[in-house]
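Since the structure comes first, as structure tokens, the remarks are kept for the end.
Since every read-out is calculated from the coordinates, none of them should be taken as a lab result. Since this is a predicted model, take the numbers as computed values, not measurements. Cβ placement follows ideal geometry from the backbone for every residue including glycine, while neighbour counts extend to all protein chains displayed.
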């Protein structure tokens, strides 16, 4: 992650998302369809632009969220009630 972009990579899938375009992060839910470069469970679903979303697994969810909120405090953090 840089001051302006969230960079992700898993195998041959890589890319970046502007931090200003991130609108919501869901904690505690696994993405079963769509772009999922992470293979571990207990990651984060990052919603960005209008309808895009990606599933990531940072080293620690809490540290990632703290850092990204310092860069964009407008991001909504949602704790999922689903137990998957």
Ranked list, fewest to most other Cβ atoms within 10 Å of each Cβ, for 27, 78, 46:
78, 27, 46
So, R0 is 22 Å and r is the distance between the beta-carbons of residue 79 and residue 59; what FRET efficiency does that work out to, to 0.05?
0.65
I want to check the label-to-label distance for residue 9 and residue 49. Put each point 7 Å from Cα in the C-beta direction and report it in nm to one decimal.
2.2
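Starting from 0.36 nm per residue, how many nanometres of slack lie between residue 18 and residue 71 once their C-alpha separation is accounted for?
Result for the pair: 18.0 nm of gain on full extension.
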